[in-house]
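The values are calculated or read from the model by the stated rules, or taken from the named source; none is laboratory data. Since this is a predicted model, take the numbers as computed values, not measurements. With ideal geometry, Cβ positions are generated from the backbone for all residues, glycine too; neighbour counts draw on all protein chains shown. Side chains included, ligands, DNA and RNA excluded: accessible areas come from the protein's heavy atoms. Shrake-Rupley method; radii C 1.70, N 1.55, O 1.52, S 1.80 Å.
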Amino acid sequence: MLRISTPVNGYRPSSYIDMPIERIFIDWQQHALEGAARVIASRFGSRIDGMPPDYSNLVIVTPGGRAARRLQELLTQLAPRRAIINPTFVTAAGLVDILIGRDPQIKIASELERLAAWISALRETPADQLGTWLPHPPSSESPIAWLSLARECDRLATELAAGSVAFADAARVSEELGSDISGERWRLLAGVHDRYERALSKVNLVDENRRRQNFISSPNPNQFSRDRHVVLVATIDLIPVVRTILKISAAPTLALIHAPENLAASFDELGCVINKAWRSRAISLPANQLIVAADAREEAEVIAGLLNSKVVHDQITIGAADPQNSPTLLAACAARGATLHDAQGLPFSRSALFSGLACLLRSAQSSSSADLYQMLHHELVLRIITAGSSSSRIDDPLGLLDEAIKQHLPLRIEATILSALAQHSVHARELLEIVQSLEQTIPAEFGLSRATTERRTLSDWGAALMQLVTCIRPHITATEWLERESEVYTAIAEFCTLLPELSTEALGKITALEALALLLDSLSNTRIPSAPTPDAIELVGWLELHLDDAPNLIVADMNEGSVPEAVVSDPLLNDGLRAALGLTDNARRYARDSYALAAIMASRPDAILCAAQRAVSGEPQLLSRLLLGGDDGQLAQTMLRFYGPSNIS
């Protein structure tokens, strides 16, 4: 591998302060959190007579909130009176906030404000320079296209900052790797990043990544009280910037590592996996523990069949290594009478309100028959139409659309064309009435045929966006509202309320539909937390399975690309450059997932792993490399089982 000739020094501290670090190994034949709770209770659970154990001086870092809640339960159960003075539970990102501290005088830029600053920086870049990265930059009248570029810049900046790497470092190392073109593009982006930070500074904002790098460059290690301790619980993959800040802070640290002590050399001082120690590990499963299904649907049906009614909900957990298959798994189990609780929550995009708004937007923007068809097929849109139309065919708008297209073959379906067709076709006339009834329900600015071309700043569109959502709100059922839609409505309301307070002038003036597109884009990755029911079986993601302590486990989607997770190919930040810069690369993901699988199988040796030969889309899949262990004979048997007929009886 390339050795960088000079250090990547965009954001490097001048020195480290000695940090007391202690490592304790919890043998992985027991559950990680149970062992962690016992260690924490014995080391820090001091108490005064009559008082509960006091953990208030601890900052306990777990990979996720679910593990933190379970660890709190276990610490409480170990207390003599089932009561404790709680520690502070955080993820790695939260630890950084505690170690650095929050200066009330510094205002951190929100995501929208960052994107607006990126757009300003990109637009200020001379076209001939921008052409080294973008041969055909968007026009000044395409704010959504500029927004997409801004989001890409923000993603790259975040990935680099996670490794304490500057854009200039990426340019230099790219050239050392022999890619002058890539180096030139990174230098361009370095200039854009400088303009981005100046744009934020003009409105008295600071990027969160810059705040962290400022601490690294000019540390204040006395920020963290020496009376407090940091406890790292199975945090096997801390990103470099977190590791650096933790070392600078000199916080007393205890790393709890879920592994036998004879593997001590496989972990670094903070308990993170060392790549080379795990890159060649794989396991071989007995035939009864590896289930091969023909496709993801069959895999879900098999798992549902394994969940018989006698299983107690807290004695088994289902793991979904590929979150895209979770809906299929949830539906299959529900059909068999097994209730799953998706710990990852429901994506906003699957809510009626959010997806209905998306259908309206696409149909208004494109005027294509396909988008109109999808909109008229949406259950929430159908309810709005039913409430406002008197057409005799109100129950069959899709049939009307099919007949109008079949008879007239229009190139586009929009109100002006429907109006012309309505003079000659009863089908087109009734379809036009249905579309018009929908338009009468929503604000004029967002109409399918009469959407305004007026341009305003994003903050000025807040009231109209809220009016649109409020008009749709009455058509959501009470059950939907209680289960998920209230969360989506509240998030949209908060978005609209905050708009006047955000510095988004750099976005320029946009239309109502562009404002709606920006709203949906900003909330698209949000998930709705779902409250567990008493009889529900937990469905959790791959990264949470290691710290789950249910005695029985079934893991779906043990396919290459899901386990180990693959870093998506990136034309600028490819895997070779990631490795040279010390960023998360495929080797790092392999080591992390290799360890996780080893720890899972050691603590639950009877776990059942499932893999599908084809995805839901029908595309062929590979078996995870982590399951290709054993001698040549075992490997051959595993390959024959996966690539032969599925072993579902």
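Note on the range 493-649: Cα Rg divided by 2.2 N^0.38 Å, N the number of residues, gives 1.45.
Once C-alpha pairs closer than 8 Å and six or more residues apart are averaged by separation and normalised to the residue number of the chain, the relative contact order reads 21 percent. By the rule of a C-alpha distance below 12 Å, with chain neighbours fewer than 8 residues away ignored, the aspartates and glutamates paired with residue 509 are 141, 454, 460.
Within the full protein context, the accessible area of residue 592 is estimated at about 20 Å² for a probe radius of 1.4 Å. Probing with 1.4 Å while keeping every protein chain in the model, the per residue accessible area of the range 50-170 equals 43 Å². Each peptide among 621-628, 634-641 gets the average number of other Cβ atoms lying within 10 Å of its residues, and from highest to lowest they stand as 621-628, 634-641. In order along the range 57-70, phi translates into HN-Hα couplings of 8, 9, 10, 9, 9, 10, x, x, x, 5, 5, 5, 5, 5 Hz, rounded to whole numbers, per the Karplus curve 6.51 cos²θ - 1.76 cosθ + 1.60 with θ = phi - 60° and x for Gly and Pro. Projecting the Cα atoms of 573, 618, 595 onto the charge dipole of the range 531-640 (Cβ charges, centred on the Cα centre) puts 573 farthest toward the positive pole. Here the ratio of the Cα radius of gyration of the range 64-124 to 2.2 N^0.38 Å is 1.85.
Simple rule: put +1 on each Lys or Arg Cβ and -1 on each Asp or Glu Cβ in the range 25-184, find the dipole, and look at 79, 42, 143; the Cα lying farthest toward the positive end is 79.
Note on residue 107: aspartates and glutamates with a C-alpha under 16 Å away, same-chain residues under 8 apart excluded, are 97, 197, 207, 208, 501.
Legend: P(r) of the range 531-618 from all alpha carbon pair distances, 10 Å bins from 0, whole percents, reading 14, 38, 30, 15, 3. Note on residue 206 and residue 140: the model spin-label points, each 7 Å out from Cα along the C-beta direction, lie 3.5 nm apart.
Using a 1.4 angstrom probe, figure out how much accessible area the range 495-588 has per residue, in square angstrom, rounded to the nearest whole. Walk me through the numbers on the way to the answer.
Details: 3640 Å² over 94 residues.
Computed with neighbouring chains in place, this is 39 Å² per residue.
Subtract the Cα-Cα distance of residue 478 and residue 54 from 0.36 nm times their separation in residues, and report this length gain in nm to one decimal.
148.2 nm is the gain from fully extending residue 478 to residue 54.
For the range 44-91, the fraction of 1.4 Å probe accessible surface lying on carbon and sulfur atoms is 49 percent.
With an a/c value of 1.5 or above and a/b not larger than b/c for the gyration tensor axes a ≥ b ≥ c computed over the alpha-carbon atoms, the range 144-230 is described as oblate.
Summarising the label geometry, the points placed 7 Å from Cα in the beta-carbon direction at residue 552 and residue 129 lie 6.3 nm from one another.
Remark on the range 447-547: ratio of C-alpha radius of gyration to 2.2 N^0.38 Å is 1.38. Around the Cα centre of the chain, unit charges on the Cβ atoms of Lys, Arg, Asp and Glu (plus for the first two, minus for the last two) sum to a dipole of about 1140 debye.
Report the gain in length on full extension from residue 194 to residue 527: 0.36 nm times residue separation, minus Cα-Cα distance, nm rounded to one decimal. List each step's numbers first, then the result.
On the way: separation 333, 0.36 × 333 = 119.88 nm, distance 3.29 nm.
So the chain would gain 116.6 nm between residue 194 and residue 527.
Over all other residues within a Cβ to Cβ distance under 13 Å of residue 335, the charged ones net out to +1, with Lys and Arg as +1 and Asp and Glu as -1.
Report, in debye and to the nearest 20, how large the dipole of the range 532-602 comes out about its Cα centre when Lys and Arg carry +1 and Asp and Glu carry -1 on their Cβ.
On the way: 4 positive and 12 negative charges, 72 e Å.
Once rounded to the nearest 20, the dipole reads 340 debye.
Quantify, in whole percent, the carbon and sulfur part of the accessible surface of the range 95-164 (1.4 Å probe; protein heavy atoms only). Numbers along the way, then the final one.
Details: 1680 of 3030 Å².
Within the range 95-164, the accessible surface is 55 percent carbon and sulfur.
The residue list 531, 296, 255 was ranked by how far each Cα lies along the charge dipole of the chain toward its positive end, using unit charges on Cβ atoms, and 255 comes out on top.
Taking 4 °C and 1.567 mPa s as conditions, the range 180-253 diffuses translationally at an estimated 86 µm²/s according to Stokes-Einstein applied to its Kirkwood radius (Cα pairs). Put simply, the amide H of residue 291, placed in the peptide plane, has neighbours under 5 Å in 609, 610, 611, leaving out anything fewer than 5 places away on its chain.
Of all aspartates and glutamates in the structure, the ones whose alpha carbon falls short of 14 Å from that of residue 202, not counting any fewer than 8 places away in one chain, are 113, 194, 505. Amide H contacts under 5 Å for residue 623: 560, restricted to partners 5 or more places along the chain or on a different chain, H placed in the peptide plane at 1.01 Å from N. Relative to its residue count, the range 610-649 spans a Cα convex hull of 81 Å³ per residue. Take the solvent-accessible surface of the protein heavy atoms, probe 1.4 Å, and return the percent of it on the range 476-526 that carbon and sulfur atoms account for. Carbon and sulfur: 52 percent of the exposed surface of the range 476-526. Rolling a 1.4 angstrom probe over the protein heavy atoms with all chains in place gives the range 173-221 an accessible area of 47 Å² per residue.
Panel note: the C-alpha atoms of the chain, placed on their principal axes, show extents of 83, 63, 60 Å (largest first).
So for each of 268-281, 348-361 I average, over its residues, the number of other beta carbons within 10 Å; can you give me the resulting order with the highest mean first? Write out the running numbers ahead of the final one.
Values: 268-281: 16.8, 348-361: 21.3.
My ranking of the peptides, most packed first, is 348-361, 268-281.
For the range 491-497, putting each phi into the Karplus relation 6.51 cos²θ - 1.76 cosθ + 1.60 with θ = phi - 60° gives couplings of 5, 5, 4, 5, 4, 5, 5 Hz, in residue order, rounded to whole numbers and with x for Gly and Pro.
Simple point charges give the picture: +1 on the Cβ of Lys and Arg, -1 on the Cβ of Asp and Glu, and for the range 261-362 a dipole about the Cα centre of about 240 debye.
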